[in-house]
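The values are calculated or read from the model by the stated rules, or taken from the named source; none is laboratory data. Computed from a prediction, not measured in an experiment: that's the story for all the values here. Don't worry about glycine lacking a Cβ; one is built from the backbone with ideal geometry, like all the others, and counts go over all protein chains shown. Ligands, DNA and RNA are stripped out before the accessible areas are found, and what is left, the full protein with its side chains, is counted by its heavy atoms. Shrake-Rupley method; radii C 1.70, N 1.55, O 1.52, S 1.80 Å.
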Amino acid sequence: MLLISTQSISKSPIRLYKQYLIGTPKVYLQKSYPLKDCSAKYEKGTLCMQKHSLAGEEAEIAFRFLNDRLISIVLIMPLADISKVKKIFYALKTQFDLVLIEQGNNKLDIIKISTNTFNKHKLAKIIADFENEAYQKHNIKYTFISKKDFIIQSRKSRNFTDIFKNTPMQMRAATYSIVWKNRQVIGTISFIVPNITQSYLDQNPIVEDF
């Protein structure tokens, strides 16, 4: 069991993904899960765990750290066909809302479009057209934020950039990238908390309860 210190937001530890909390010590994760160093594959200091599952699809889970404390989680999974790509998308949509779609340098700002049109069918067509073109070019990236935060942030934001200005410390975001490589589809999901700082980690240490 993990406890957080009794400072500032001690009653509200930030859940990054499933049972994993922001700031969890690397040594605790190493003792609790079968992790391997995968620095050579990703960035230095990354630990990985095989045979994780999301929406029934097998994935590798990579843990990223700042000064040996957890700051983000990345899931990497092979997806056999477009139906599996969509299945993961809808799994993410259960907890997150879409705010941006990208294909290379082309960006579709969902917040900006939504503020300029109240026609849901028109919005759906704009998104579908952008997605179809992106899929033809074999790469697309979605950015989401947690549903509760979406309601609050979208009311006071006119575009995607505004979403991340003065966001609450606990706002969770996720990016979902799909790339076709060597005739294989690879889906990569990154779970982050955009405003996490070294100062936050220092003031809110997570400790083990023995």
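Let's see how each residue does on (1) touching a Ser or Thr at 6+ places or on another chain (Cβ under 8 Å); (2) touching a residue at least 24 places away in the same chain (Cβ under 8 Å); (3) among the aliphatic types (A, V, I, L, M):
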| position | (1), (2), (3) |
| --- | --- |
| 110 | no, yes, yes |
| 136 | no, no, no |
| 142 | yes, yes, no |
| 147 | no, yes, no |
- Tell me, yes or no, whether the stretch 110-122 has at least one residue that is aliphatic (A, V, I, L, M) and modelled with pLDDT of 95 or more. no
- Of everything in the stretch 5-52 that's over 19 Å from residue 192 (Cα atoms) and among the β-branched types (Val, Ile, Thr), which residue is modelled with the lowest pLDDT? 6
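Here's the yes/no breakdown for (1) open to solvent by 50 Å² or more (accessible area, probe 1.4 Å); (2) assigned to a strand (DSSP E or B); (3) farther than 23 Å from residue 90 by Cα:
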| position | (1), (2), (3) |
| --- | --- |
| 127 | no, no, no |
| 131 | no, no, no |
| 141 | yes, yes, no |
| 144 | no, yes, no |
| 165 | yes, no, yes |
| 174 | no, yes, no |
| 190 | no, yes, no |
- Item | Selected residue (criterion: farthest from residue 26 (Cα to Cα)) from residues of the stretch 44-54 that are open to solvent by less than 50 Å² (accessible area, probe 1.4 Å) and over 15 Å from the mean Cα position of the chain (by Cα) | 52
- When the stretch 149-189 is checked residue by residue, the ones that are free of Cβ contacts under 8 Å to residues at least 40 places away in the same chain, of a type in the set (Ser, Thr, Tyr) and in contact with a strand residue (DSSP E or B) (Cβ under 7 Å, 6 or more places away or on another chain) are 175, 177
